[in-house]
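The values are calculated or read from the model by the stated rules, or taken from the named source; none is laboratory data. Model, not experiment: these values are computed from the prediction. FYI the Cβ positions are ideal-geometry reconstructions off the backbone, even for glycines, and counts take in every protein chain you see.
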């Protein structure tokens, strides 16, 4: 593999830490894989509202297949006037509370994935990043009339334990965000993925409610402050349009009712499971399989050391 550092072109120097001891966070939103509800672009645009400073770019000519995804060109009367060439860029930003963080955004590379990931890890080292977070939207059998769910995945058990697991073991198409998370995990680094659940019937259109859920989860996981109030009018408008279309289709009314019933049943099951966990482990600690096995072994060892009458509860001589 050729030197991955050669993919990087620096445009400016990152800010020094200057005594800041808070966790340093890199967010990445790479379009090209599943982007239900167009949440990656919307979330990146909201994060970029904080006066971004371009730090570095990745050489698109090395990792992009122009014939697979031809850039848009503008033709004016009798000549070509402009072209929208792809750019994978690293920005330094401030959240709404003034805290520094970094955003890597652009189209997912077509080729040289391992070299690209190595280049991103070089950027992570250069910025002294503590946590890398990916943002995504995934189509989900959920109704738009219920709160938008999220799935967390990654390497940090302390973070993952804040959210219930939503998926079992499945195979999915490879994508650059997943490869970066896997590579960071193998290197013992902290990585987190946040995926918003977008109703599958609106996966191809802009769905601001999922963007809001995504950014709120980002704040919960990292402490970054991102105001989503400006996204609410768009979310309300889209949901109103969806409801109007649903009302015009008796077939979809029944589909929506089934989705709502399924959502409510799953919510009730999770609430019951949470209540059971609090009853079994009121301090919030759920014993692991190893801890349970050790406790059983200790119990059996204690029982074997007791006199027979203490074990079975009988009185001496009976």
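Annotations
- Being assigned to a helix (DSSP H, G or I), under 26 Å from residue 100 (Cβ atoms) and in contact with a strand residue (DSSP E or B) (Cβ under 8 Å, 6 or more places away or on another chain) holds for only one residue in 177, 219, 193, and it is 177.
- Number of residues in region 141-189 that are exposed (fewer than 13 other Cβ atoms within 10 Å of the Cβ) and over 30 Å from residue 236 (Cα atoms): the value is 13.
- Test: residue in region 47-55 that is surrounded by fewer than 19 Cβ atoms within 10 Å (Cβ to Cβ), touching a helix residue (DSSP H, G or I) at 6+ places or on another chain (Cβ under 7 Å), under 12 Å from residue 91 (Cα atoms) and in the same structural domain as residue 150 (by TED's automatic domain parsing): no
- Residue check for residue 199: modelled with pLDDT under 95, in contact with a strand residue (DSSP E or B) (Cβ under 9 Å, 6 or more places away or on another chain) and buried (at least 22 other Cβ atoms within 10 Å of the Cβ): yes
- Residues located in region 213-230, provided they are in contact (Cβ under 8 Å) with a residue 12 or more places away in the chain and under 13 Å from the mean Cα position of the chain (by Cα): 213, 214, 215, 216, 217, 218, 220, 221, 222
- Any chance residue 98 is out of contact with any strand residue (DSSP E or B) (no Cβ under 9 Å at 6 or more places or on another chain), at pLDDT below 95 and on the phi > 0 side of the Ramachandran plot: yes
- Inside region 16-71, residues that are more than 30 Å from residue 141 (Cα to Cα), outside any strand (DSSP E or B) and more than 22 Å from the chain's Cα centre (by Cα) make up a count of 19.
- Checklist (1) at pLDDT 90 or above; (2) within 24 Å of residue 103 (Cα to Cα) applied to residue 160, failing item: (1)
- The condition (being without any contact (Cβ under 8 Å) to a residue 40 or more places away in the chain, in the same structural domain as residue 41 (by TED's automatic domain parsing) and under 16 Å from residue 43 (Cα atoms)) is satisfied by just one residue among 85, 135, 90, 104: 90.
- The residue list 116, 75 contains one member that is crowded, with 21+ Cβ neighbours inside 10 Å and not in a loop (DSSP other than H, G, I, E, B), which is 116.
- Residue-level analysis places residue 138 outside the set of residues that are in contact with a helix residue (DSSP H, G or I) (Cβ under 9 Å, 6 or more places away or on another chain), buried (at least 20 other Cβ atoms within 10 Å of the Cβ), in a helix (DSSP H, G or I) and modelled with pLDDT of 90 or more.
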